[in-house]
């Protein structure tokens, strides 16, 4: 798993975003368990307390839940997962449009650039 932690934002927020992205992209399946706090912290090279904070925040959002001593699991709420997935996509789309607009491209030109990029894949 690729963890890229930058110094420009709080680490726990970046951890939350990465785990959230992994859930909505299918790395962690609905109803499936995720690695323990210590395992995840070791993978990333962060303090377990920082990882714990990120996981607790994801529990507050309803994306994860704790099951006693069995660990943490991804929600079965597919609608919530889809909503978060769409929010991430919209946020990225807005950022893309803002960037290409700053470069002087129109909306239609930005769409054409996207189409070309997809064809290149």
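Quick look at the numbers
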{"read-out": "Per-region count, the stretch 71-101, residues assigned to a loop (DSSP other than H, G, I, E, B) and in contact with a strand residue (DSSP E or B) (Cβ under 6 Å, 6 or more places away or on another chain)", "value": "1"}
{"read-out": "Scope the stretch 21-52; condition outside any helix (DSSP H, G or I) and within 27 Å of residue 78 (Cβ to Cβ); matching residues", "value": "25, 26, 27, 28, 29, 30, 31, 32, 33, 34, 35, 36"}
{"read-out": "Lone unmet requirement of (1) over 23 Å from residue 3 (Cβ atoms); (2) assigned by TED's automatic domain parsing to the domain that holds residue 24; (3) outside any helix (DSSP H, G or I) for residue 104", "value": "(2)"}
{"read-out": "Unmet requirement for residue 62, which otherwise passes all of (1) free of Cβ contacts under 8 Å to residues at least 24 places away in the same chain; (2) more than 15 Å from residue 13 (Cα to Cα); (3) in a helix (DSSP H, G or I)", "value": "(3)"}
{"read-out": "Residues satisfying the stated conditions in the stretch 20-29, i.e. closer than 14 Å to residue 58 by Cα and touching a strand residue (DSSP E or B) at 6+ places or on another chain (Cβ under 8 Å)", "value": "23, 28"}
{"read-out": "Hits in the stretch 1-25 - residues which are loosely packed, with under 13 Cβ neighbours inside 10 Å and over 13 Å from the mean Cα position of the chain (by Cα)", "value": "6, 7, 8, 9, 10"}
{"read-out": "For residue 51: the one exception among (1) surrounded by 13 or more Cβ atoms within 10 Å (Cβ to Cβ); (2) over 22 Å from the mean Cα position of the chain (by Cα)", "value": "(2)"}
{"read-out": "Residue 103, sole failed condition from (1) surrounded by fewer than 13 Cβ atoms within 10 Å (Cβ to Cβ); (2) within 29 Å of residue 63 (Cβ to Cβ)", "value": "(2)"}
{"read-out": "Answer from 28, 65 - the residue that is modelled with pLDDT of 95 or more, surrounded by 11 or more Cβ atoms within 10 Å (Cβ to Cβ) and within 13 Å of the chain's Cα centre (by Cα)", "value": "28"}
{"read-out": "Exclusive hit being surrounded by 12 or more Cβ atoms within 10 Å (Cβ to Cβ), free of Cβ contacts under 8 Å to residues at least 24 places away in the same chain and closer than 30 Å to residue 113 by Cα, set 80, 97", "value": "97"}
{"read-out": "Single unsatisfied condition, residue 53 versus (1) outside the structural domain of residue 115 (by TED's automatic domain parsing); (2) closer than 30 Å to residue 113 by Cα; (3) in contact with a helix residue (DSSP H, G or I) (Cβ under 6 Å, 6 or more places away or on another chain)", "value": "(2)"}
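The values are calculated or read from the model by the stated rules, or taken from the named source; none is laboratory data. Everything numeric here is computed off the predicted structure, so don't read it as measured data. Reconstructed Cβ throughout: ideal geometry from the backbone, glycine too, with neighbour counts over all protein chains shown.
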